[in-house]
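*Asks:* I have a structure I would like to understand better, so I am pasting it below and will then ask my questions one at a time.
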Amino acid sequence: MMDIFEGFIKKIEYEINKKRKTLSEIENQIVLLVQEKRALMEKYEHIEKEEYTDPMLIQMKINSLVKIMENISAIDQKLKKLEEKSEKIRGEIKEKNAEKKAIKKEQEKLRKLLEKDQLKKETQLADEIFNRKH
């Protein structure tokens with residue numbers, strides 16, 4: 001009976017580890033996107049500081065700034081989705097840990113019940129042996 005509990009616990013631990021690995025990958029993606037966003041923002045600030053008098057260069061500057069802002073916006077959307085996904089996985093891990101804890105609690109209850117039952121049987125057997133001798 002205890003082996004069944006251990007099997008469930010191992011399965012849950014496997015699922016938790018799998019989710020943690022996925023979470024780690026998502027967090028790595030978030031770090032890379034934040035770095036990319038920071039680089040784009042620095043590029044934006046650099047281009048913004050440049051002064052031009054030629055209308056053609058001014059238009060190119062504006063187009064570059066708009067394109068950078070679009071890229072930053074796209075990164076922000078990706079970051080939002082990844083963070084939502086990350087929170088969902090954290091919740092799932094929390095649920096699995098609670099499930100694992102509940103199974104361990106039931107396993108311990110059953111173990112104590114079996115020990116109590118075994119002790120009861122041993123006491124009963126000892127009483128029978130004692131009563132036969134007297």
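*Asks:* Which residues, taken from region 58-94, are of a type outside the set (S, T, N, Q), within 26 Å of VAL31 (Cα to Cα) and free of Cβ contacts under 8 Å to residues at least 24 places away in the same chain? Before the answer, list the steps.
*Replies:* The first filter runs over region 58-94 and keeps only residues of a type outside the set (S, T, N, Q), leaving 58, 60-62, 65-70, 72, 74-76, 78-85, 87-94.
Cutting the leftovers down to within 26 Å of VAL31 (Cα to Cα) gives us 65-70, 72, 74-76, 78-85, 87-94.
Across region 58-94, the qualifying residues are LEU65, VAL66, LYS67, GLU70, ALA74, LYS80, LYS81, GLU84, GLU87, LYS88, GLY91, LYS94.
*Asks:* How many residues, within region 95-134, are of a type in the set (Asp, Glu) and touching a residue at least 24 places away in the same chain (Cβ under 8 Å)? Full working, then the answer.
*Replies:* Initial filter on region 95-134 (of a type in the set (Asp, Glu)): 95, 99, 106, 108, 115, 117, 122, 127-128.
Next cut, touching a residue at least 24 places away in the same chain (Cβ under 8 Å) only: 99, 106.
Looking only at that region, the number is 2.
*Asks:* From (1) open to solvent by less than 60 Å² (accessible area, probe 1.4 Å); (2) within 17 Å of VAL34 (Cβ to Cβ), pick out the condition that doesn't hold for LYS78.
*Replies:* Of the numbered conditions (1) open to solvent by less than 60 Å² (accessible area, probe 1.4 Å); (2) within 17 Å of VAL34 (Cβ to Cβ), the odd one out for LYS78 is (1).
*Asks:* Return the residues of region 42-57 that are exposed (fewer than 14 other Cβ atoms within 10 Å of the Cβ) and either of a type in the set (Ser, Thr, Tyr) or touching a residue at least 24 places away in the same chain (Cβ under 8 Å) (or both); say none if nothing qualifies. First the steps, then the outcome.
*Replies:* Going residue by residue through region 42-57, those that are exposed (fewer than 14 other Cβ atoms within 10 Å of the Cβ) are 42, 45-46, 48-57.
Within region 42-57, TYR52, THR53 qualify.
*Asks:* Another question about this same structure. Can you tell me which condition SER73 does not meet? The list is (1) closer than 30 Å to LYS10 by Cα; (2) under 34 Å from the mean Cα position of the chain (by Cα), and all the others hold.
*Replies:* Status for SER73: all satisfied but (1).
*Asks:* When you scan region 116-133, do you find a residue that is in contact with a Leu (Cβ under 6 Å, 6 or more places away or on another chain) and aliphatic (A, V, I, L, M), even just one? Working first, answer last.
*Replies:* Taking region 116-133 first, the residues in contact with a Leu (Cβ under 6 Å, 6 or more places away or on another chain) are none.
No, every residue in region 116-133 fails to be in contact with a Leu (Cβ under 6 Å, 6 or more places away or on another chain) and aliphatic (A, V, I, L, M).
The values are calculated or read from the model by the stated rules, or taken from the named source; none is laboratory data. Small disclaimer: the values here were computed from a predicted structure and weren't measured. Cβ coordinates were reconstructed from backbone atoms using ideal geometry, including for glycine residues, and neighbour counts include every protein chain displayed. Surface accessibility is based on the protein's heavy atoms, side chains included, excluding ligands, DNA and RNA. Shrake-Rupley method; radii C 1.70, N 1.55, O 1.52, S 1.80 Å.
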